[in-house]
Amino acid sequence: MNMNKLQDLWIKIVRGWFSKEKKPSSKFGITRRGAIKILTFWSGFLAAFIADPKKSWGFAKNKITAKRKQGHIPKWGMVIDLEQCTGCGGCVMACAQENNIPFPRHGKEYDGTQILWMNLLNNPSPFPMPCMQCEDPPCVKVCPVGATSINDEGLVVQNYGRCIGCRYCMEACPYSVKFFNWDEPEWPGSLKELLNPDVSTRPKGVVEKCTFCEQRIRAYREECEITQTPMKDKKLQRLTACAATCPTRAIIFGDLNDPESEVSKLSQSPRAIKLLKELGTKPKVTYLTKQGSVKP
Amino acid sequence: MNCILPNRIWKFSWHWLILSFILLIPIGNGIYAYLIQIHEGLISTGMRTIGLGGASWGLNICYYIYFAGLTFGGITTAALTRLLKIKELEPITRLAELLALFSLFMAAPCLLSDLGRPIDGALFFPQYGEARSPFFGTFTMAAVGYFFASLVYLWLAGREDAYMCAQQDFSFKWFYKLWAFGYRGTEEENECHHKVSFWLALIIVPLLVAATSSLGVVFGIQVGRPGWFDALQAPEFVVLAAISGVGALIFISAVVRSVLHTEDDPYKDAISQKTLRWLSNLLWILILIYLYFMAVDLLTSIYSSETIEKVVTRATLFGPYAPIFWTMIGLFLISFLILFIQYVFKHYKTGLMVAAGVMVNFAAVLKRYLIVIPSQTYGTYLPYIHGHYYPTWGEYSIVTAAFAAELLLFLLFMKVFPIIPLKITGTRPSVPIKPWGKILKKAFFVGTLSFGLTLTVVGFLASARIGVKPYLDPIIPWSPVVFIIGVMISLYSPAVYEVSPFNFSSRDLSQPIKPVSGRKQE
């Protein structure tokens, strides 16, 4: 159809629309063809609505629910054995390298600006602190633009492009494991060339946090899908950068929904405790202590 | 029907020019500080990460709450004056509306300067704003609700004065004509305005209380932040907002009163001491209520045994924040005593009332600092080091610029519009409204209100995602904008009733009504 024909058609449509000339109509003020059109549309819609009410309205369906219906979906969790932790700080360094965390800078003005997705507290013994990946996260509830959300894996993640830097999530997090980019991140010298291409760098003015090395989980799943093999617990146990580096195997990662997994068994141990359980955040990180209780 | 115009409109004295120029200096400094902040990031502020020895919210948030409080105080005073027909406060209604509007203009930069990415904030919030976040209430109800509530009052109440000014040989005549929006100075229009003002006040007061409460909720629902998690936060915010608003109104009214006296203006007796007395008596009652709230709060915290709540309270009462806390208590108590003794002995002094008004504002700022900071620096459940927060010159500059800009806006407004409602003498011509006009007016009002409320509900529900996982994007994109437009249209529906052109045909009033200028008479 050339341009002239298109133009003619357009003129016809417009003229027809505004035409004062009355079209032949029934006593109900509607043509038969019009009635058939309306009936067809609404019956189609009704059929779609009966088949899938949410989809018919164009609602964005929650992918988690869809996957759960299909079968098993993992619930990623972590166990940290405080008895085995030596406080070497290897997890902190590995996390920083894996997740492109900028180098801390020296100087008084930079105090309190460090970014530590894996923090190591010392009171009185070493105490690794990643994000607790709460099931009911207070940070997600308060974000005004949905930049902090729960992804398909059930992980609490940060959308850096969406974050407006209001830092309300930092205020809401009782574990203080969210960090703000107070200035533009920097990597000295050639270290910039060693950045992990699987993880985006974050600009100044946004909040960031531990994602349980989401990129590693994704890569391993894709690998399993290609080879059509199930995800193995043994590999999962040391999947995150912190768990992979820990020399004493104090950090174990895995699927809490798999009753046979190491992380699932350890989290049922009498030594297991959850930090600030009383706040109702349902953290997915479990600590193992000697006494079965800890006062951090 | 006549009126006397004040002396100072479109007359610029040297004092005025010098004062305006002086105010431009801190404004320029604030803009410079903000540009540095945008360039360098928030590292140029004194804020740092919670848990690493800092506080992530600082002075900007304190002053955002303070300015929002002034807005609440201003617009609520104006609304209550109309609702309860308080004659003593009528001369300062415009001052109250202006205080509300200009304070809101200043609250916005305070909030924006706190954001890491302000442009993205302005773009993403209307698109993805989520109703479950308490910031939704802050950004929509507090910001937009306050803004349109104060604007609609200022506009409707000023239509008569704008009409009078439009008859004069002033510059920017179109501005006055636009403001008057078809006003013709009839008795029926005046009656209609009073009716609308009453109903508008009835709607606005609860809405404003809800909006101010949403600010308190920002802190009050944080279970992980000891010191904030408190059911009393919302009512405390409302009372403290009213205190700072009324205190500021006493100060502004007294300043305007003294300026009018020195200029020997025809309106020099417009604001009498009775007005100030009324405000000061309201103020001591509000202070008493607030002191009661604080006492209950502190007692609960002190008796909470060895919890983190107590750590925060100890830091506030006896720790590094003790000087601020006791200064705040002292200022509140002195202000209360000054005002209460004056009330008991029925002997009022303007200077003392103004001093109390200023003192409660200082105390309100200090209290907001104590609400925001100690819970961040001392209120961590885990064994993090205790933090500290010292604002930098950049933060002080932005806040000072906001104060200077507010004063400048007042100065500018005084030169273009009567800051005190004009005294109308003589009788207004009566042109009865035709019966069909009344019906049409009501139909338009009901239609607009229904449309506005529908948009408000739809916008809210679409942003809230009730029934599905709440952390996903709004069902309808830009639904926060739908909510905001809904609130705006609902607030403007009484204005539609008032300005709808069904009162009379234009032939009814062929002769314009000319006011008599006060200056010309002299």
Query raised in the report: Pick from the stretch A:118-131 the residues that are assigned to a loop (DSSP other than H, G, I, E, B) and surrounded by fewer than 24 Cβ atoms within 10 Å (Cβ to Cβ): which of them is farthest from the other protein chains (Cβ to nearest Cβ)?
Result: A:S125
**Report entry** Qualifying residues in the stretch B:288-323 (those that are among the polar types (S, T, N, Q) and closer than 24 Å to B:I385 by Cα) - the one surrounded by the fewest Cβ atoms within 10 Å (Cβ to Cβ)
**Finding:** B:S305
Query raised in the report: Tell me, which helices (runs of 4 or more DSSP H) wholly within the stretch B:1-116 include 2 or more residues that are in contact with a strand residue (DSSP E or B) (Cβ under 9 Å, 6 or more places away or on another chain)?
Result: none
Query raised in the report: Which residues, taken from the stretch A:138-155, are facing chain B (nearest Cβ under 9 Å) and either in a loop (DSSP other than H, G, I, E, B) or acidic (D, E) (or both)?
Result: A:C143, A:P144, A:V145, A:G146, A:A147
Query raised in the report: How about the stretch A:173-191: which of its residues are of a type in the set (A, V, I, L, M, F, W, C) and facing another protein chain (nearest Cβ under 10 Å)?
Result: A:C173, A:V177, A:F179, A:F180, A:W182
Query raised in the report: If you take the residues of the stretch B:66-99 that are farther than 22 Å from B:A211 by Cβ and free of Cβ contacts under 8 Å to residues at least 12 places away in the same chain, which of them is surrounded by the fewest Cβ atoms within 10 Å (Cβ to Cβ)?
Result: B:K87
Report task. Kindly indicate which of A:Q158, A:Q215 is touching an Asp or Glu at 6+ places or on another chain (Cβ under 9 Å), under 25 Å from B:V372 (Cβ atoms) and more than 10 Å from chain B (Cβ to nearest Cβ). Result -> A:Q158
Query raised in the report: Has the stretch B:369-390 got at least one residue that is among the aliphatic types (A, V, I, L, M), part of a helix (DSSP H, G or I) and either more than 23 Å from B:G245 (Cβ to Cβ) or more than 14 Å from chain A (Cβ to nearest Cβ) (or both)?
Result: yes
Query raised in the report: Of all residues in the stretch A:156-169, which are assigned to a loop (DSSP other than H, G, I, E, B), in contact with a Lys or Arg (Cβ under 6 Å, 6 or more places away or on another chain) and hydrophobic (A, V, I, L, M, F, W, C)?
Result: A:I164
Report task. Kindly indicate whether B:L282 is over 22 Å from the mean Cα position of the chain (by Cα), assigned by TED's automatic domain parsing to the domain that holds B:V238 and not basic (K, R). Result -> no
Query - Check on A:T248, assigned to a strand (DSSP E or B), among the β-branched types (V, I, T) and either touching a helix residue (DSSP H, G or I) at 6+ places or on another chain (Cβ under 6 Å) or surrounded by fewer than 21 Cβ atoms within 10 Å (Cβ to Cβ) (or both) - result: no
Requested in this report: Report yes if B:S258 is touching a residue at least 24 places away in the same chain (Cβ under 8 Å), among the polar types (S, T, N, Q) and in the same structural domain as B:R94 (by TED's automatic domain parsing), otherwise no.
Outcome: no
Query raised in the report: Does any residue of the stretch B:378-396 turn out to be more than 23 Å from B:G145 (Cβ to Cβ) and free of Cβ contacts under 8 Å to residues at least 40 places away in the same chain?
Result: yes
Report task. Would you please name the residue that is nearest to the other protein chains (Cβ to nearest Cβ), looking only at residues in the stretch B:102-121 that are in contact with a helix residue (DSSP H, G or I) (Cβ under 6 Å, 6 or more places away or on another chain) and surrounded by fewer than 21 Cβ atoms within 10 Å (Cβ to Cβ)? Result -> B:L115
Query raised in the report: modelled with pLDDT under 90, more than 14 Å from chain B (Cβ to nearest Cβ) and in a helix (DSSP H, G or I) - does that describe any residue in the stretch A:93-111?
Result: no
Query raised in the report: Which ones in the stretch A:178-216 are under 16 Å from A:P104 (Cα atoms), in a loop (DSSP other than H, G, I, E, B) and touching a Cys at 6+ places or on another chain (Cβ under 9 Å)?
Result: A:R202
Query raised in the report: Restricting attention to the stretch A:219-228, does a residue exist that is surrounded by fewer than 14 Cβ atoms within 10 Å (Cβ to Cβ), more than 14 Å from chain B (Cβ to nearest Cβ) and assigned to a loop (DSSP other than H, G, I, E, B)?
Result: yes
**Report entry** the stretch B:334-345 - residue that is in contact (Cβ under 8 Å) with a residue 24 or more places away in the chain and of a type in the set (A, V, I, L, M, F, W, C) and, of those, surrounded by the fewest Cβ atoms within 10 Å (Cβ to Cβ)
**Finding:** B:I334
Query - Residue in the stretch B:53-65 that is more than 30 Å from B:T186 (Cα to Cα) and surrounded by fewer than 20 Cβ atoms within 10 Å (Cβ to Cβ) present - result: yes
Report summary line: The number of residues in the stretch B:139-166 that are within 13 Å of chain A (Cβ to nearest Cβ) and either of a type in the set (D, E, K, R) or out of contact with any helix residue (DSSP H, G or I) (no Cβ under 6 Å at 6 or more places or on another chain) (or both) is 1
Report task. Out of A:K282, A:K234, A:K209, report the one residue that is modelled with pLDDT of 90 or more, within 22 Å of A:N119 (Cβ to Cβ), exposed (fewer than 14 other Cβ atoms within 10 Å of the Cβ) and not small (G, A, S). Result -> A:K282
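Per-residue answers, yes or no, for (1) away from chain A (no Cβ under 14 Å); (2) closer than 30 Å to A:D136 by Cα; (3) acidic (D, E); (4) free of Cβ contacts under 8 Å to residues at least 12 places away in the same chain:
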| position | (1), (2), (3), (4) |
| --- | --- |
| B:E191 | yes, no, yes, yes |
| B:T212 | yes, yes, no, no |
| B:G216 | yes, yes, no, no |
| B:F219 | no, yes, no, no |
| B:P226 | no, yes, no, no |
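The values are calculated or read from the model by the stated rules, or taken from the named source; none is laboratory data. Model, not experiment: these values are computed from the prediction. Counting neighbours? That spans all protein chains shown, and the Cβs are built from the backbone with ideal geometry, glycine included.
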